[in-house]
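The values are calculated or read from the model by the stated rules, or taken from the named source; none is laboratory data. Just so you know, these numbers come straight off a predicted model, no measurement behind them. Positions of Cβ are generated from backbone atoms using ideal geometry, with glycine treated the same way; all protein chains shown enter the neighbour counts. Each accessible area value is taken on the protein alone, full model and side chains, heavy atoms only, with ligands, DNA and RNA left out. Shrake-Rupley method; radii C 1.70, N 1.55, O 1.52, S 1.80 Å.
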Amino acid sequence: MRKIKILFTIPNFDTAGSGKVVYDLVKNLDKTKFEPEICCFHNKGVFFKEVEKLGVKIHIFPFTTSYKPYATFPMRVLKISRFLKRNKYDIVHSWHWSSDFSEALAAKLAGIKYLYTKKAMSWGNKAWVWRSKLSSKIIIINNDMVLQFFNSMQHKIVQIPLGVDVDYFKPLPKSYTSPENIEFSKEDFIIVSVANLVEVKGIELLLKAVENLNDDIIKTIIIGDYSSDYGQNLRKQFTHKNICFLGKKMD
């Protein structure tokens, strides 16, 4: 029996929060039935080394293209389409966070089934509509997305919540000291944010609320790369003793 050849596309394994989900998907697919490959924009980041250990083919290739200049857009889409067709994929499963539809259009031109996972509760522009119309299926991670985004396309929707490897993510012995030696007490109310520190996340709303409450039992841990201007501004603006910026953590 011929294996089903799937290309998983994701911008990178450095800043993309879905990288671990894609890693687990590829790792646990039944290799007697599926032949997975990965495509991303670059090979930066420590986690990319872990992805390489999966032993599947990884392509560093621009699987999307900008719309402008409009005159050359068709040719640039055709270049992506030829890449997909040349590799004879049966399915392209996109984990790109963007509303970009150039990837979906390229797959359509190549005669390849295209689907994407809608991860965030945001819409924003009409490009999402075009991306959705060009998709064979759309994977959603919660029920709210159906009514908010896909009420007229329910025939395309499949709900698959994000998976968790319970052999790895399982309860550990309780500790009141973090690896960074931050001390907590049993009475503390601890808030942990794990996210890339980019403006769309709205982390400042949480931090303003914590500062306004000014309650010593509320401890707030912000995990994520703060090297961006947004991250640096957050660190300068929110200096409350119970707000801790721990930077990027690989585990």
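For the reader, a short list of remarks on this structure follows.
- Within the stretch 14-54, tally of residues that are assigned to a loop (DSSP other than H, G, I, E, B), within 23 Å of residue 80 (Cβ to Cβ) and of a type in the set (A, V, I, L, M): 1
- Every pair of residues 6+ apart whose Cβ atoms lie under 8 Å, when the first sits in the stretch 167-185 and is closer than 23 Å to residue 217 by Cα and part of a loop (DSSP other than H, G, I, E, B) while the second is modelled with pLDDT of 90 or more and open to solvent by 100 Å² or more (accessible area, probe 1.4 Å): 176/183; 176/186
- Considering residues of the stretch 230-250 that are closer than 24 Å to residue 189 by Cβ and part of a loop (DSSP other than H, G, I, E, B) only, the residue modelled with the lowest pLDDT: 249
Here is a yes/no grid of residues against (1) over 28 Å from residue 106 (Cα atoms); (2) of a type outside the set (Val, Ile, Thr); (3) open to solvent by 60 Å² or more (accessible area, probe 1.4 Å):
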| site | (1), (2), (3) |
| --- | --- |
| 131 | no, yes, no |
| 138 | no, no, no |
| 145 | no, yes, no |
| 149 | no, yes, no |
| 159 | no, yes, yes |
| 169 | yes, yes, yes |
| 197 | yes, yes, no |
| 210 | yes, no, no |
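- Among the conditions (1) out of contact with any Leu (no Cβ under 6 Å at 6 or more places or on another chain); (2) crowded, with 20+ Cβ neighbours inside 10 Å, residue 82 misses just one, which is (2).
- Close pairs (8 angstrom Cβ cut-off, 6 or more residues apart or separate chains): within 18 Å of residue 124 (Cα to Cα) in the stretch 141-155, of a type outside the set (D, E, K, R) and modelled with pLDDT under 90 anywhere: 144/121; 145/121; 148/121; 148/123; 149/123
- Every residue from the stretch 100-121 that is open to solvent by 20 Å² or more (accessible area, probe 1.4 Å) and either among the charged types (D, E, K, R) or assigned to a loop (DSSP other than H, G, I, E, B) (or both): 101, 108, 111, 113, 119, 120, 121
- Scan of the stretch 230-243 for residues that are buried (at least 16 other Cβ atoms within 10 Å of the Cβ) and closer than 19 Å to residue 177 by Cα, ordered by number: 242, 243
- Answer residue from the stretch 216-229, given it is of a type in the set (D, E, K, R) and either assigned to a strand (DSSP E or B) or out of contact with any strand residue (DSSP E or B) (no Cβ under 8 Å at 6 or more places or on another chain) (or both) and is most open to solvent (accessible area, probe 1.4 Å) among those: 229
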